[in-house]
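The structure appears right after this line, and notes come after that.
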Amino acid sequence: MTLPGWMPTVVEAIYFIAAVLFIWGLKRMSSPRTARTGIVWAGAGMAAAIIVTFFLPGMHNLPWMIGAIVVGVVLSWIVGRRVPMTAMPQMVALFNGMGGGAAAAIGAVELIKFNAALGLVPNTSPIQPEAWAGVAGHLGTTELVLAFVGVLIGAVSFTGSLIAFSKLQGWMDRRFVFPLQRWVNLAIFVVAVACGAIALAAGIEGHAFAWGLLVGFIVLSLVFGIAMTLPIGGADMPVVISMYNAFTGLAVAFEGFVLQNEAMIIAGMVVGAAGTLLTQLMAKAMNRSLGNVLFGNFGAGGGAAQQEIAGALKPIDANDAAVMMAYAERVAIVPGYGMAVAQAQHKIWEFAKLLIDRGVKVKFAIHPVAGRMPGHMNVLLAEAGVPYDLIEDMDDINPEFPNIDVALVIGANDVVNPVARTDRNSPIYGMPILDVAKAKNVIVIKRGRGKGFAGIENALFYADNTRMLYGDGQAAASELVAGLKTLDV
Amino acid sequence: MITGFLALYIFMLAAFTGYEIISRVPVILHTPLMSGSNFVHGIVLVGAMVALGHADTPVEIAIGVVAVLLAAGNVAGGYVVTERMLEMFKTSKPASPQSAEKKP
């Protein structure tokens, strides 16, 4: 296919517009009012950039390309449409991992071309650019370094995100820990970097490197992504996913530099920076430092025994609970991920509306990491139709708990555990919590007697003013609704 | 051709832009925004297409096809997931009762 000579300029111009649209779109996505149009703008930029790429000079393998795009788009589109909102965090992990894998694969192709071409170039040391005349695959020193770094980061993001996905999806044990794990991981990393560095040094000198080095580098990078993610507990996964999101952004930016593609450089770098900040914000909301998340092995090997919790679990039945709330003045509903899993948010909102009709002041109290990610619970409540003004952040509602007559905890556990304030030996000590224990009465809807995500006993459940309402979240909420309705007869 | 310091300037400015965009975001938008940025790095598809478009040997083509496949998944999945999440932010008024019936 011969293309007019001005085509590359048009492509460059479209890339530039796409980069502007990405930034504009992200900007709009950062405010609830304009968020929806943000993704549409960014999507338009993306579509334009993809289409013009077909018109770059010298593109071949087009049937393969179109086939792979169609298959990839259709599969992800269907999966993305079908999954329930509760599964969104692992979907982000999955799609992010795919991006990281793609960036690593791009780097691999470029390095293979470079290494193969080295054999065709007169061996001068250091290599002279003019020696490359007519030989495809030339990479300068900076490009070469960034290609290697991009492969490493992209590969780690790829396998790491897949592990994060499997953990959140429940396909994999929460944590996988063995002795000396940190040292094993470090060894994998060092050997991977060594393979890469030796190959890189040879490449800069203008000598072809052994293929084994490149293969070893890529394989060990992939293994390191797995090894690094395995010991991290499910509760910390959001932070990890966000970090891998930033990783993929960086990998894309670096490989964009290798390909001299400005749109990739800018979009990748913006995501890299935004993702880094987002990761910090999330870690802060959970009162964990990033280092602690990555290397802390939550609870593992923590020698000190946790305090014994005295008291007994006191059950309550749904009718009594409904009556208690119907005659309360102020009720706070504290939803957690368990509510979302049980798909109980619609029923809970129905219950809340009935209470509001009776003149009860109802608020929803949201912990920053309720659900699986900051803001995840807000999305789920919004889906059920709960208006914004009834939803309170932790900092706003915490001082009010002593004035609240009934706090209804549904599917939340660790984020209401007073142990985080009182027990220094607890793994969650220091994590900000909702002060539910200070409410006059607490009702906890819980499926069974199991522990929370972090695997810690919850002192709240044993408190004198706490009653346990056992049952599946949705069923319990329906019973509460039924209980309220019988009052009106 | 972008070289050395010019690239560094681009990296630096883009990084500040990303940082600034996120720094004033309310917590409720963290998840959608992470998903949105996940979509934006789907631009890697363009790079994957270039890599595949210039691949010659079977090995290069195979890796290139994997790259395009993964990147296409990133783009499409990232868009759908973000769009679905942001759909919830249509209005700040109480939703109509029938939306409560709609199962995801």
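Laid out as a table, the results:
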| item | result |
| --- | --- |
| Filtered residues of region A:233-246 (kept if farther than 14 Å from A:P89 by Cβ and more than 11 Å from chain B (Cβ to nearest Cβ)) | A:G233 |
| Test: residue in region A:33-44 that is more than 20 Å from B:V66 (Cα to Cα), surrounded by fewer than 21 Cβ atoms within 10 Å (Cβ to Cβ) and touching a residue at least 24 places away in the same chain (Cβ under 8 Å) | no |
| Residues satisfying the stated conditions in region A:253-279, i.e. outside any helix (DSSP H, G or I) and on the phi < 0 side of the Ramachandran plot | A:L259, A:N261 |
| Region A:371-414: number of residues that are at pLDDT below 90, of a type in the set (A, V, I, L, M) and more than 20 Å from A:A476 (Cα to Cα) | 7 |
| Qualifying residue in region A:409-421 (condition: among the β-branched types (V, I, T), closer than 16 Å to A:A342 by Cβ and within 28 Å of the chain's Cα centre (by Cα)) | yes |
| Wholly enclosed helices (runs of 4 or more DSSP H) of region B:4-88 bearing at least 1 residues of a type in the set (S, T, N, Q) | B:4-23, B:30-40, B:58-87 |
| Complete set of residues in region A:57-93 that are facing another protein chain (nearest Cβ under 7 Å), assigned to a helix (DSSP H, G or I) and of a type in the set (A, V, I, L, M) | A:M65, A:A68, A:I69, A:V71, A:V73, A:L75, A:V79, A:M85, A:M88, A:M91, A:V92 |
| Matching option when the condition is at the interface with chain A (Cβ under 7 Å from one of its Cβ atoms) and farther than 28 Å from A:F114 by Cβ, among B:M49, B:M34 | B:M34 |
| Out of B:V59, B:V27, B:V80, sole residue that is farther than 27 Å from A:P8 by Cα, within 7 Å of chain A (Cβ to nearest Cβ) and in contact with a Lys or Arg (Cβ under 7 Å, 6 or more places away or on another chain) | B:V80 |
| Search result, residues across region A:370-427 that are touching a residue at least 60 places away in the same chain (Cβ under 8 Å), assigned to a strand (DSSP E or B) and among the β-branched types (V, I, T) | A:V406, A:V409, A:I410 |
| Some residue of region A:18-40 being closer than 23 Å to B:G53 by Cα and not basic (K, R) | yes |
| Restricting region A:1-19 to residues that are of a type in the set (V, I, T) and either surrounded by 14 or more Cβ atoms within 10 Å (Cβ to Cβ) or in a loop (DSSP other than H, G, I, E, B) (or both), the residue that is farthest from the other protein chains (Cβ to nearest Cβ) | A:T2 |
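The values are calculated or read from the model by the stated rules, or taken from the named source; none is laboratory data. Please read these numbers as outputs of a predicted model, since none were measured by experiment. We place every Cβ from the backbone using ideal geometry, glycine too, and count neighbours over all the protein chains shown.
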